[in-house]
1. If the requirement is being modelled with pLDDT of 90 or more and either under 13 Å from the mean Cα position of the chain (by Cα) or closer than 23 Å to residue 28 by Cα (or both), which of these qualifies: 163, 187?
2. Going through region 151-175 one residue at a time, which ones are surrounded by 13 or more Cβ atoms within 10 Å (Cβ to Cβ) and either within 21 Å of residue 117 (Cβ to Cβ) or free of Cβ contacts under 8 Å to residues at least 24 places away in the same chain (or both)?
3. Those residues that are out of contact with any helix residue (DSSP H, G or I) (no Cβ under 7 Å at 6 or more places or on another chain) and over 24 Å from residue 197 (Cα atoms), I need them from region 123-152; list them, please.
4. Looking at region 112-165 only, could you name the residues that are closer than 26 Å to residue 44 by Cα and in a loop (DSSP other than H, G, I, E, B)?
5. Name the residue, out of 8, 84, that is within 16 Å of the ligand (Cβ to nearest atom), touching a helix residue (DSSP H, G or I) at 6+ places or on another chain (Cβ under 8 Å) and either more than 24 Å from residue 162 (Cβ to Cβ) or modelled with pLDDT of 95 or more (or both).
6. Of the numbered conditions (1) over 15 Å from residue 214 (Cβ atoms); (2) away from the ligand (no atom under 12 Å from the Cβ); (3) assigned to a strand (DSSP E or B), residue 72 satisfies every one except a single condition; which is it?
7. Find the residue count for region 49-69, including only residues that are within 22 Å of residue 32 (Cα to Cα), within 16 Å of the ligand (Cβ to nearest atom) and more than 21 Å from the chain's Cα centre (by Cα).
8. Can you tell me which residue within region 11-48, out of those that are more than 8 Å from the ligand (Cβ to nearest atom) and not in a strand (DSSP E or B), is surrounded by the fewest Cβ atoms within 10 Å (Cβ to Cβ)?
Ligand code: ATP
C-alpha cells in the first residue's frame, strides 16, 4: 500500500548459534501511526528492530523502509530511521544544540539550523540549547536523545524501551512527547514490557512471543474483541443459588450475597439483567464493574500461543 512507511515480509532469522529468533514475521506500518511492540524477554523484538535498521541481516524475507530495501538500498533505508537507544548515551560536555546538530551530519544531511531550532522547540529543549548535556534533568536527557534521533529528518522513530526504569512522572512526560510528535507526522515504533505504556499511547499493538508475531491490531478493537467485562451485583438479601429467572445470563455466585455477570463489550445485556433482577424480587445494595486490562489480554495471548492452557 502506498501509504505504508514500512513493510516487513515473511522475515525469518536464525542466528549462527542455530537459535531461530524470528519466524515468518510480516508487518506493515502506516504513516504517522504509533505501534507498540509488546513481548516477553527474548521474544525477538530487538532482533526485528535490528533487521529493520539493517544492523542484523534476515535469514530470509524482505524489509522496505519508505520503499527502500534495507539490504540492497541500505543507506537510503537507514536514513529514513531514527533510533533512540534504551540507555542514555550523551557526550557530557557537549551542548544540546551541538550534539543534535552533529547527529544530523552523521547521516550526511545538509546543515539546517531552522530545522534544528524547530525540533528543539518541539521537544521543549530550545531554552536549554546552550546547556551541556550533563546539566539536563533525566526527562530532558531522554528528549535530547529523541532530538538526536530526529536530527536528520527520518520518517520512522524507533524507541527501544523508552521508559525502562523511569519513574511515573517521567514516563508521562515521555508519552506526551510521543503523542506530540505524532501530531507532527512522526511514525513511531516502540518496544515495551509495560502494557500500560502501550495502552496509553499506541494506535496499534503488536504482540510478539517466541519469534512469532501473534497479532497486530488496533488497540481499540483489541480491547473490544478480547476485553471482557464483569459486573458484580451485591444484593440486600442472601442468595444461595442463581435464580431460575436469571439463568440465561450465565451468572455465578459471588461472595457477600453477590451475583457475578461476565460479558463481552460487544453484547452487553446489563440493562435487561437489572430489569429481570428487579422483576424477580431482588434489591441491589451495590454494583461493582471491572474491565479486563490489556495486560490480562496479553498474558492470555502469549500463554495460548505457547500451548500452555494454565
Ligand atoms: P528483551 O525484551 O529481553 O530485550 P527481545 O524480545 O528483544 O528481548 P531478542 O534480543 O531479539 O529478544 O532475542 C531473541 C532471541 O534471540 C533470544 O533467545 C536471544 O537469546 C537470541 N539472540 C539474540 N541475539 C543473538 C545473537 N547475536 N546470537 C544468538 N542468539 C541471539
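1. 187
2. Correct list: 151, 152, 153, 154, 155, 157, 172.
3. Residues satisfying the conditions are 127, 132, 134, 135.
4. Hits for region 112-165 are 154, 155, 161, 162, 163, 164, 165.
5. 8
6. The single condition residue 72 does not satisfy is (3).
7. Summing the residues that are within 22 Å of residue 32 (Cα to Cα), within 16 Å of the ligand (Cβ to nearest atom) and more than 21 Å from the chain's Cα centre (by Cα) in region 49-69 gives 1.
8. The selected residue is 18.
The values are calculated or read from the model by the stated rules, or taken from the named source; none is laboratory data. The model shown is predicted, which means the values in this text are computed figures rather than measured ones. Cβ atoms come from the backbone with ideal geometry, glycine included; neighbour counts cover every protein chain shown.
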